[in-house]
C-alpha cells in the first residue's frame, strides 16, 4: 500500500510473480494438455492473483487489464487453443475471466455478511444496520454491471 492508500504496487508485484509461473510450468512440462494446464494454472497462478482478493481487488481500469493480461498470456500456452481469441480460449478451457471471479467473490462475501454467516465474536464489526447492508448490496450489484 502506498501513501495514497492504493494497492497498485502490491498488485504489480503479484502480477510479476504470476507471470513467472507459466514459464516454470512450460519448462517442467513439455506438452501441456487442456486438463493439466487448467489444474496447474488454477493451483499455481490464480492463487497468486486472487490472494486477499476481497481487500486488494483492483478497481482502476488499467490494474484490471494488467491482472487480466496474465490470464490472456497464460492461456496461449495450450497448443490446441493458442490461435483462438481470448474469449474463445476461455470457453475452450472452461475458465471465467478474473474480473468475473472477483465479482463473484464479492457477492459471496456480501451474502455471508448479510446472512450472519461470520462468527460475530471474532468479527464484531460485521454487525451492521439495515441501511449499511442495503448499501453493500447496491455496491456489489453495481460492480457486476
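The values are calculated or read from the model by the stated rules, or taken from the named source; none is laboratory data. What you see is a predicted model, and the numbers here were worked out from it, not measured in a lab. When we count neighbours, we look across all protein chains shown, and the Cβ atoms used for this are built from the backbone with ideal geometry, even at glycine.
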Note to self: Given the condition touching a helix residue (DSSP H, G or I) at 6+ places or on another chain (Cβ under 7 Å), at pLDDT 85 or above and closer than 30 Å to residue 30 by Cβ, answer yes or no: does some residue in region 106-126 qualify?
What the structure shows: no
Condition set closer than 20 Å to residue 10 by Cα and buried (at least 17 other Cβ atoms within 10 Å of the Cβ), scope region 69-98, selection nearest to the chain's Cα centre (by Cα): answer is 98
Answer yes or no: is there a residue in region 52-62 that is in contact (Cβ under 8 Å) with a residue 40 or more places away in the chain, surrounded by fewer than 16 Cβ atoms within 10 Å (Cβ to Cβ), in a loop (DSSP other than H, G, I, E, B) and more than 11 Å from the chain's Cα centre (by Cα).
yes
Within region 15-38, the residues that are surrounded by fewer than 17 Cβ atoms within 10 Å (Cβ to Cβ), over 28 Å from residue 58 (Cα atoms) and touching a helix residue (DSSP H, G or I) at 6+ places or on another chain (Cβ under 7 Å) are 29, 34
